[in-house]
Amino acid sequence: MISALRRAGVEVEERHQPVWEGQEHKFAARAGAAVRLLAAEARLWRRPRGEWDAVVVGYPGHADVPAARRVGAPVVLNPLVSLWDTLVLDRARFSRSSPAARALRAFDRFAFSRADVVVADTAAHAELFRTLGASRVEVALVGAEERLFTRGWSRPAQFVALFVGKLIPLHGVETILAAARAAPELRLRLVGSGQVAVRDVPPNVERVEWVPYEHLAVQYHRCGCALGVFGTSEKAARVIPNKVFQALACGAPVVTADTPAARELLDDESALLVPQGDPRALAEAVRALATNPSLQQSVASSGHARYRERASEDVLGARWREIVAHA
């Protein structure tokens, strides 16, 4: 977002207070994390000198909205997610009727209602944000950081389907592993770790715990195809994940779930779209790319063209400039 705004000629001053620097596991020490967060919020509370046309609060910025209001300019909140939707409906950390769930929903409403504009990453997400108290919602796709994710994919000599992620429920890791079992002749690389435990990994799946963010583009450039998300939750149907934008920016062919959010960006030429939670359909889609070089190349080319048309930094810069100018 910042890079896109600057590319569009907008002067952006960042106010960042460090919280997690030097912390490999951010929430391992809960008391320490709380202290660091409170100290950072206290520093942000000091009203900055100068005048601005708008204040953009990025993810995860729910708690930053009151400090942003003190600046004296319109507040544009880019939350990416609802905390209630993420922690209650998608990750099931709390039951829907629990006090924690009610508190998270109230926190969403608190932040959304106090922003002049709330920016959603998809139209599907925008509908949810309106039910959570946002009076004005605009939509801007997430895109990819083009300082890192640039076109460089070429068809590899050995086909490997790539998944990158923190392994949260909406990713549908179980579906990916089941697809690997249904197509034992295919190779998959699963990069990441997280909430969902990865068990009974079939022999055709390579596990990689971590790849530095700055090195992810190389993974996309060398893969046979990139996998998006395949979970069956309501949130999975509302999002287009970072990994899809990054793969498209790199020019890699993409396979992801056929959801309302995905259809806001992609069609049947720019990606292979499969039903949510359907491992056989996923296996067939990956097999089709692995055995058909012309299909692999056409999906890659169409996907990158769609990215340039709808989600490049140039396109999103113009969109964000419009949002900020009319906040």
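The values are calculated or read from the model by the stated rules, or taken from the named source; none is laboratory data. Keep in mind that what you see is a predicted model, and the values were worked out from it rather than measured. Note that we place each Cβ from the backbone using ideal geometry, even for glycine, and neighbour counts take in every protein chain shown.
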Members of segment 292-327 found to be surrounded by 14 or more Cβ atoms within 10 Å (Cβ to Cβ) and polar (S, T, N, Q), listed by number: Q296, Q297, S298, S301, S302, S312
Odd one out for Y213, checked against (1) under 30 Å from A124 (Cα atoms); (2) surrounded by fewer than 24 Cβ atoms within 10 Å (Cβ to Cβ); (3) more than 15 Å from the chain's Cα centre (by Cα): (3)
Among the candidates L289, L273, L316, residue that is within 30 Å of A4 (Cα to Cα) and either in a helix (DSSP H, G or I) or among the polar types (S, T, N, Q) (or both): L316
Tally of residues being of a type in the set (K, R), surrounded by fewer than 15 Cβ atoms within 10 Å (Cβ to Cβ) and in contact (Cβ under 8 Å) with a residue 12 or more places away in the chain across segment 160-209: 2
Segments classed as strands (runs of 3 or more DSSP E), wholly inside segment 79-173, with at least 2 members that are under 16 Å from the mean Cα position of the chain (by Cα): 117-120, 161-164
Residue in segment 55-68 that is among the acidic types (D, E), surrounded by fewer than 16 Cβ atoms within 10 Å (Cβ to Cβ), within 24 Å of the chain's Cα centre (by Cα) and not assigned by TED's automatic domain parsing to the domain that holds G194 present: no
In segment 245-267, residue surrounded by the most Cβ atoms within 10 Å (Cβ to Cβ) [restricted to those that are over 20 Å from W153 (Cβ atoms) and not aliphatic (A, V, I, L, M)]: T259
Qualifying positions in segment 147-157 - touching a residue at least 60 places away in the same chain (Cβ under 8 Å) and either among the aliphatic types (A, V, I, L, M) or surrounded by fewer than 20 Cβ atoms within 10 Å (Cβ to Cβ) (or both): R147, L148, T150, R151, G152, S154, R155, P156
Segment 230-244 - residue that is in contact (Cβ under 8 Å) with a residue 60 or more places away in the chain and buried (at least 24 other Cβ atoms within 10 Å of the Cβ) and, of those, farthest from P79 (Cα to Cα): K243
Test: residue in segment 175-196 that is of a type in the set (A, V, I, L, M) and more than 19 Å from A281 (Cα to Cα): yes
Options D121, D116: the member that is surrounded by 21 or more Cβ atoms within 10 Å (Cβ to Cβ), modelled with pLDDT of 95 or more and in the same structural domain as P79 (by TED's automatic domain parsing): D121
Test: residue in segment 95-103 that is touching a residue at least 40 places away in the same chain (Cβ under 8 Å), in contact with a helix residue (DSSP H, G or I) (Cβ under 8 Å, 6 or more places away or on another chain) and in the same structural domain as P18 (by TED's automatic domain parsing): no
Hey, V244 assigned to a helix (DSSP H, G or I), under 23 Å from E284 (Cβ atoms), touching a strand residue (DSSP E or B) at 6+ places or on another chain (Cβ under 8 Å) and among the β-branched types (V, I, T) or not: yes
